[in-house]
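S.K.: Attaching a single structure in structure tokens format; questions to follow.
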Amino acid sequence: MSEHIAIVLGTRPEIIKLAPVVRACEAGEIQYTLIHTGQHYSKSMDEVFFDQLELPAPNYNLAVGSAGHGRQTGQMLIELEEILETIQPSTVLVQGDTNSVLAGALAAGKLDVTVGHVEAGLRSFDRDMPEELNRVVADHVADRLYAPTDRSRQQLRDEGIPHDRITVTGNTIVDAVSQHRGIAAERSSICAELDITDDFFILTAHRAENVDDPDRFERLLEGVGRAAAAHETEVIYPIHPRSAKRLETFGLTVPDRIRTVEPLDYLDFLRLESAAALILTDSGGVQEEACILGVPCVTLRDSTERPETISVGANRLCPPDGGEIQEAVLEALFTDRSWDPPFGDGTAGRRIVEDVTGKQLTPIP
Ligand code: UD1
Ligand code: UDP
């Protein structure tokens with residue numbers, strides 16, 4: 001039977017990180033079906049990435065939208081099962097740790113379709129985070145686990161997953177960055193549009209544990225504001241819709257030094273990251289990109305599932321309610337930036353599709 005891959009995605013980071021897998025399928029003329037759960041649906045969180053990364057429109061869009069975890073995941077499960085029964089793929093690929101990943105892995109696993117988990121073996125060891133539950137379940141449902149690093153492979157082995165299910169591929173974010181950073185440098189005029197001349201910092205904060213608690217969100221903003229004032233610099237905060245809604249509901253005021261802007265498209269965000277003196281974030285993908293682009297990072301969280309970024313000296317953890325953001329920023333700014341990014345050589349997308357299909361593919365230039 002020839003391979004037919006169903007690629008399930010639903011949120012901004014999955015679109016970005018699965019784009020190299022879609023490209024590898026196209027280049028190798030592999031049959032694939034793109035299924036969008038509709039978890040993200042605002043133009044700036046969804047369509048803009050399909051356009052800019054030149055991805056084909058999804059074959060199916062479940063349009064589940066926003067809801068509580070149970071309702072959102074349940075609705076995805078119901079609809080995914082129906083589609084998978086209709087199209088009968090040989091493999092379902094999911095990427096990362098969102099509710100779309102949980103639903104994709106479970107729906108396929110229950111139908112006895114081979115499940116491939118891209119970015120397997122990451123652990124924050126914090127079960128209060130919805131992402132941790134999602135990634136643990138996806139890893140233990142998956143038949144093929146694509147670990148980005150040796151460390152994530154070892155984590156899977158420690159949890160009893162047989163070695164022959166695991167392949168270390170690197171992270172597809174390296175493929176995405178290397179395929180787009182040159183184009184971003186050429187085409188993006190975001191620094192001029194935002195009238196940025198001097199050194200500046202970037203902030204992204206959207207994780208539920210940070211922005212759903214009014215006190216914690218307020219302390220995070222105040223801490224970042226103080227750090228920016230101490231360095232007489234400005235912080236650009238492309239604000240995720242979850243955070244924008246919380247700001248409004250909680251009636252929080254953003255400190256003067258922080259400028260909120262709409263979520264950016266990929267080329268503009270990559271360009272901004274490359275030009276920044278420092279990145280403060282609670283995002284998973286942004287921690288990786290900062291490390292790849294050679295920009296020091298402060299992760300505003302209690303834990304990270306990307307400890308490799310800390311080991312190489314690119315990143316440090318700073319819980320946002322501890323009031324120590326200023327010190328973390330100072331330490332980051334004086335970091336030697338000559339670290340080696342630990343996430344592979346930018347061929348993860350091809351390696352994953354080769355593993356799924358057993359076919360050798362031509363490298364994408
Ligand atoms: C989800 C993931 C998180 C990931 C993030 C990537 C889960 C449990 N969480 O969080 O791990 O880091 O995506 O960005 O899967 N909203 C919009 N427009 C959209 C999408 C969301 O306005 O296109 C608003 C809605 O008010 C919604 C809220 O954002 O209620 C949260 O959206 P949701 O998809 O539930 O979680 P994220 O915070 O996006
Ligand atoms: N990103 C973007 N525009 C923005 C903010 C982030 O294109 O305004 C990209 C960023 O380059 C990274 C991805 O979104 O590749 C990270 O997604 P997000 O932070 O939403 O989710 P996480 O990685 O935390 O799951």
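S.K.: For the stretch 166-280, what ratio Rg/Rh do Cα atoms give with a Kirkwood hydrodynamic radius? Please list the in-between numbers first.
M.R.: Details: Rg = 15.6 Å, Rh = 15.4 Å.
Rg/Rh for the stretch 166-280 comes to 1.02.
S.K.: Write down the radius of gyration of the stretch 77-146 and its Dmax, each obtained from C-alpha positions, in Å.
M.R.: Reported Rg and Dmax, both Å: 11.6, 37.
S.K.: Sorted from largest down, what three extents in whole angstroms do the Cα atoms of the stretch 110-240 have along their principal axes?
M.R.: 53, 41, 28
S.K.: Quote the FRET efficiency, to the nearest 0.05, computed for Arg127 versus Arg337 with a Förster distance R0 of 30 Å and r equal to the Cβ-Cβ distance. Show your work: numbers first, answer last.
M.R.: Working: r = 34 Å, r/R0 = 1.14.
Taking R0 as 30 Å, the efficiency between Arg127 and Arg337 is 0.30.
S.K.: Just from its helices, what would the mean residue ellipticity at 222 nm be for the chain, if runs of 4 or more DSSP H residues each count -39500 (n - 2.57) and the sum is divided by every residue, rounded to the nearest 500 deg cm²/dmol?
M.R.: Value at 222 nm, helices only, nearest 500: -14000 deg cm²/dmol.
S.K.: Another question, if that's okay. Compute a Gaussian network model of the chain, connecting alpha carbons closer than 10 Å, and tell me which residue from Val48, Val261, Val141 fluctuates the most.
M.R.: Most flexible of the set in this elastic network: Val261.
S.K.: To make sure I understand, if each residue's beta carbon is the centre and we count other beta carbons within 10 Å, what order do Tyr146, Tyr237 fall in, fewest to most?
M.R.: Details: Tyr146 28, Tyr237 20.
So the residues, fewest neighbours to most, are Tyr237, Tyr146.
S.K.: Sticking with this one: Around Arg316, under 14 Å between beta carbons, what's the net of Lys plus Arg minus Asp minus Glu among the other residues? Could the numbers behind the result be given before it?
M.R.: On the way: positive: Arg301, Arg306, Arg337; negative: Asp282, Asp302, Glu308, Glu324, Glu327, Glu331, Asp336.
That works out to -4.
S.K.: Compute the normalised compactness of the chain: alpha-carbon radius of gyration over 2.2 N^0.38 Å, N being the residue count. The partial results should precede the final answer.
M.R.: Details: Rg = 19.8 Å, N = 365, 2.2 N^0.38 = 20.7 Å.
Rounded to two decimals, the normalised Rg is 0.95.
S.K.: Calculate the translational D of the stretch 212-297 in whole µm² s⁻¹ from Stokes-Einstein, where the hydrodynamic radius comes from the Kirkwood formula applied to all Cα pairs, the temperature is 37 °C and the viscosity 0.692 mPa s.
M.R.: Values: Rh = 13.6 Å.
The estimated diffusion coefficient comes to 241 µm²/s.
S.K.: Based on the mean of other beta carbon atoms within 10 Å per residue, what is the order of 354-362, 18-26, most packed first? Intermediate values should be presented prior to the final figure.
M.R.: Numbers: 354-362: 14.4, 18-26: 23.9.
Result, highest mean first: 18-26, 354-362.
S.K.: So what J values fall out for the stretch 313-321 if you push phi through Karplus, 6.51 cos²θ - 1.76 cosθ + 1.60 with θ = phi - 60°, rounded to Hz, Gly and Pro as x?
M.R.: So the J values, rounded to whole Hz, are x, 7, 9, 9, 8, 8, x, x, 9.
A short reminder: the numbers here are calculations on the coordinates, not readings from a lab. Since the model is a prediction, treat every value here as computed from it, not as a measurement. Reconstructed Cβ throughout: ideal geometry from the backbone, glycine too, with neighbour counts over all protein chains shown.
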